[in-house]
Amino acid sequence: LPGDREQAPIGAAGALAYALLGPLRGLPTAHGTLQVVAVTGAGLALAWLPGLAGARPTIRARRRPPGGCRTGPGARPGRPRPHRRPPWADPARRDSAARRLLGAGFAAAIFQPLYNGGLIDRFSPDGPAYGAFLTAVAALAALCDATLAAVLRRSATGLRLPAALEDELRSLFGIGSAIVATGMLVSLAAGEVGLWALPLFCTPLLLAQVSFRRAAAVRATTGQTIASLARATEVAGYTPHGHARRVADTACALGRELGLGTRELALLEYAALMHDVGQLSLVEPVPDGATAVLPCAEQQRIARLGSEVISRTGVPRQVAEQVARLADPCAGTAGGEGPVPLAARIIRVANAHDDLLTAARGRGVGEAVGRLEALEVLRLGRGRVYDARVVDALARVGGQAR
């Protein structure tokens, strides 16, 4: 799913349907919460068997956690792992399995005691009240799952909890709503048609899974395009080696500090990687690629030329807009275009920070002293050239910027 979320729509819908299962083919059921948890846990364990049976020695590159701004374009491989780890050794898969188990258990803990105790008998299975009750329980289970996912994402990536929760709730209205609706439909239809409800209503989710895999392939192609553009200025000698990657890392650290969500961080990373594409229009390269020392009008021209190139690559239009505005003054508006986007202000500070650090290294200044000098220069332009909030955030996360 978007944001590198791991989901199994059919398995999640099946677990939810079993947790909310009342009558089966017209006959009452008697399974309780513990049985729902046990069956769901057994299903999760069985899902790992094919991976174990087909395990082969492979080389896999380490990547930062999802949302860490290094799992997309330009992610650099770390130390290779010579053998494929078993599924339970993967923290992401363990977290996903635990979430599904807790979600099914939460729904069953609400529904099953009321059903087995006869309190739901006052609702006719064919009436709207029974469906409304199932909807309320499924919605609570979905909110529980989203909250757990936000807490896990917060611990894994450093996102602010409100931003992580917003991401999860936004995802919930996509494939999450389809999972919840399918689980409810299966539990209701099972009362009439029995277990045939499972393949009947899970088929649309299977088709959705195929569509998501195609979307993932498109995103991979987009990532390769972005990585190629990001390196074009380095290969042509317009920017120092690794400049785009360093700016992207610093921008993502600032974005997390300022509370951006996963989607906003991904767009920010794309724009930061390609922020110097406009330099390819220059006849002579800027020394060390330091566009921060150019006149404001020249910076804006380079930014807009780069935006025109980016807009033809098929990346989200917000990326081109962010690059087009990154050289505009942070205070007020420029040419009636409205306030400068926060992402553009972040990239401007991150770019100037790396330019100043590169210049300090060229003078033989130590790393710590160079960082202090760069931060002092940015503070001098605080509120005029550079956004005050972003500069303050840089001071807080200075140890993370590389």
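The values are calculated or read from the model by the stated rules, or taken from the named source; none is laboratory data. Everything quoted here is computed from the prediction, not taken from an experiment. We place every Cβ from the backbone using ideal geometry, glycine too, and count neighbours over all the protein chains shown. We work out accessible area using only protein heavy atoms, side chains counted, and drop any ligands, DNA or RNA first. Shrake-Rupley method; radii C 1.70, N 1.55, O 1.52, S 1.80 Å.
Multiply the residue separation of residue 200 and residue 135 by 0.36 nm, subtract the distance between their alpha-carbon atoms, and state the gained length in nm to one decimal.
21.4 nm
If one computes the Cα centroid of region 277-315 and of region 191-242, what distance in Å separates the two points?
Cα centroid of region 277-315 versus Cα centroid of region 191-242: 30 Å apart.
Quick one: divide the alpha-carbon radius of gyration of region 141-251 by 2.2 N^0.38 Å and tell me what you get.
Relative to the rule-of-thumb radius for its length, region 141-251 sits at 1.59.
How many Å² of accessible area per residue for region 237-400, probe 1.4 Å? Each step should come with its number before you reach the end.
Numbers: 6810 Å² over 164 residues.
Solvent-accessible surface per residue comes out at 42 Å².
Please list 342-350, 318-326, 239-247 highest first by mean number of surrounding beta-carbon atoms within 10 Å per residue.
Details: 342-350: 26.7, 318-326: 24.4, 239-247: 21.4.
Going from most to least packed, we get 342-350, 318-326, 239-247.
Could you list, bin by bin from short to long, the percent of Cα-Cα pairs of region 237-400 in 5 Å steps?
With 5 Å bins starting at 0, P(r) equals 1, 10, 19, 24, 23, 15, 6, 2, 0.
Along Cα→Cβ, 7 Å out, is where each label goes; now give me the distance between the ones at residue 193 and residue 30 in nm to one decimal.
Distance between the two pseudo-spin positions: 2.9 nm.
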